[in-house]
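Below is one structure; the comments refer to it alone.
The values are calculated or read from the model by the stated rules, or taken from the named source; none is laboratory data. Small disclaimer: the values here were computed from a predicted structure and weren't measured. Methodologically, a virtual Cβ is constructed for each residue, glycine included, from the backbone with ideal geometry; neighbour enumeration extends over all protein chains shown. The protein model used for the area step is the full one, side chains on, heavy atoms only, and it has no ligands, DNA or RNA in it. Shrake-Rupley method; radii C 1.70, N 1.55, O 1.52, S 1.80 Å.
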Amino acid sequence: MPGWSPFIPQKIYQPYTEADRLRYIQKIILQKTIYFYSSDQSESGVLCKDALKLRLKHLKDKDDPMFCGCGPSVSIRLQACMFKFTSAWPGYRPWTKQIPTMDFKNPKGPITRIKLAKNIANCVRRFIEMMEKKPMEPDSDRRWKVGKQHIKVDDLVLVSLHHVSKGSWQPQLRLHR
């Protein structure tokens, strides 16, 4: 789409062994991608800084329950070149963080899309805080460096969340600057 800022390049998570690929990907039904659409923007996604503060009044379907029938938590992955939430960010080692899938308020139930956006934004914030203290991998593209003088959580847009393996989801992020 014209005028969109670049996506953070990430590799889609894959288990290391053939047995794990069979157990965690091929023998399960991957869930549909979760999108974070805003009725207030011309671009897809929500600002991570707004998600952290739950300032998402324009988030579409914000009260829809997420992860119905799922276990108590999932992993978010950041994968160098998408987050148990697992993450691999260009220039950094893969990173994973567990998040709850349940809201234990009364009545107890699955978290909502708005709460999921906040949890993912918190994962991204934590990833940046941890990685800004570490050097990037040799020969990395410095454009993707994270930290106070580089890419911050305020610079990021959460676009979607992809089910990449049993219990693991990976966010799709793009720059907003």
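Which links in Lys11/Lys57; Lys11/Lys166; Lys62/Lys105; Lys32/Lys53 stretch past 20 Å when you go from one Cα to the other?
Numbers: Lys11/Lys57 31 Å; Lys11/Lys166 17 Å; Lys62/Lys105 17 Å; Lys32/Lys53 26 Å.
Violating the 20 Å limit, Cα to Cα: Lys11/Lys57; Lys32/Lys53.
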CD proxy, 222 nm, the chain: helix-only mean residue ellipticity via -39,500 (n - 2.57) per DSSP H run with n ≥ 4, per residue, nearest 500, stands at -4500 deg cm²/dmol
So the carbon and sulfur contribution to the accessible area of the chain, 1.4 Å probe, in percent, is 52 percent
Sorted by chain and then number, the residues having a modelled amide H within less than 5 Å of the amide H of Val146, at least 5 places away or on another chain, are Ile151
Filtered hits (aspartates and glutamates, Cα-Cα < 17 Å from Lys60, offset >= 8 within chain) -> Asp40, Glu43, Asp50
One computes Rg over Rh for the chain from alpha-carbon atoms, with the Kirkwood Rh, and obtains 0.97
Lys32 and Ser5 label points (each 7 Å along its Cα→Cβ direction) are spaced in nm at 2.9 nm
Result for the chain: accessible area per residue, probe 1.4 angstrom, in square angstrom, of 56 Å²
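Compare the peptides 136-142, 157-163 by average per-residue count of other Cβ atoms within 10 angstrom and give them in order, highest first. Walk me through the numbers on the way to the answer.
Values: 136-142: 10.6, 157-163: 21.4.
Output ranking for 136-142, 157-163: 157-163, 136-142.
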Checking rank on 65-71, 25-31, with mean other Cβ inside 10 Å and highest first, the result is 65-71, 25-31
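Between Asp139 and Asp103, take the C-beta separation as r, use R0 = 41 Å, and let me know the FRET efficiency to the nearest 0.05. Don't jump to the answer; show the numbers that get you there.
On the way: r = 43 Å, r/R0 = 1.06.
It comes out at approximately 0.40.
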